[in-house]
Each structure stands twice: as C-alpha cells, then as structure tokens.
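Here is the structure we will look at, set down as structure tokens.
Since every read-out is calculated from the coordinates, none of them should be taken as a lab result. Worth saying up front: this structure is predicted, and the values here are computed from it rather than measured. Here the Cβ positions follow ideal geometry from the backbone for every residue, glycine too, while neighbour counts run over all protein chains shown.
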Amino acid sequence: MSDPDHEALYAAELAAFDGTDLEQVQPFAAITAVLQQVIDGAWWPAGNVEVRRTRADAGASSTRCAASAAGGRATISLAAPQMTVATAAHELAHVLAGPGRGHDAMYRRAYLDTVRVMTNIDPTDRRMGLHVDQLSSAFSAAGLGVGERSWPAPAEGTGSAFAL
C-alpha cells in the first residue's frame, strides 16, 4: 500500500512531541493501562483492541485491523523502544480511522482525537488542548490537512477546563 504522507507525518510527530513526556519510554503495563482506559471509555467508538508486545528484537510498533462478517478485530503491537504515549496514540488512531487509511487526512483527525483523550484521562494532569494544538500546528506546517471525522467527537469536557 502506498502511503505518500507517512514521511511528512513522522516529521510532524517529531516537531510536536520530541522532548515532551509523550515520548518518554514507559513500562508496557503503564501504556496498556492508558490505552485500555480509552478503549473502555464512553467515547471510544471502534470496539475492542488487543494490545501486546512485539518480539524482543523488534524496533517498530504496528497495528493490524481485520474486518470480518462478525465485525472488526484490531491488534496493536508495541515495540520496547517505542513504548510511549505518543506511539500508543499513533497506533490507536489507526484503529479509529479504519483499515487501509495509512496516514491520510481521516487518520490525522483520528490521531488528534486519540491524543486529546489520552492526554486528558488523569484528572490531576489534564493537558487540555496542549498536545493536540502542537500536533495540529505541526500538521499544518507540513501541509497535511485534517479530515472530517466519521465517528462522534470526544466528549465536550475532554480537554477543556472545568470549575469546582
């Protein structure tokens, strides 16, 4: 499959997240816990996702989405050197966008939505729109448009301030 936007997208990720805590390698259990909170949450519209480690010698993470008559099945495989929130959000966005999308405009919308949700799960450390804005600006600077979503937007309270 040809993916003409992949190099520009990877450069945009670096511009947005390099040097941030989203790029800090974490234990598999910590990354899996964040992913599971999104997948089990009220917003997640894309069904169950299996998350597993890659082989010990693997250097890259991946997502596999398989459609069948009984519905879809998705598996995210995370490589040890890429065990980060940024990589987890990247791979989860592939599931949300759907099979065969590569890194197109619809995928980029899914990526922004997964970053918004993943960086606002912890009520004591909500990032609001910080990382979403960084990634959106990097997409724009790279000439990468963002598509319209075909799934519900994350809840209005996700990524926005609240009063007590």
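A few notes on this one:
- Number of residues in region 91-107 that are part of a loop (DSSP other than H, G, I, E, B) and free of Cβ contacts under 8 Å to residues at least 24 places away in the same chain: the value is 1.
- Boolean, residue 87 is within 19 Å of residue 112 (Cα to Cα) and part of a strand (DSSP E or B): no
- Applying the set (1) closer than 23 Å to residue 134 by Cα; (2) under 14 Å from the mean Cα position of the chain (by Cα) to residue 26 leaves exactly one unmet item: (2).
- Members of region 106-152 that are within 20 Å of residue 87 (Cα to Cα) and β-branched (Val, Ile, Thr): 114, 115, 117, 119, 121, 132, 146
- Positions within region 34-53 being small (Gly, Ala, Ser) and out of contact with any Gly (no Cβ under 8 Å at 6 or more places or on another chain), in sequence order: 41, 42
- Among the residues of region 108-152, those identified as in contact (Cβ under 8 Å) with a residue 60 or more places away in the chain and of a type in the set (Ser, Thr, Tyr) are 114, 119, 137.
- Tally of residues being of a type in the set (Lys, Arg) and within 19 Å of residue 11 (Cβ to Cβ) across region 102-134: 2
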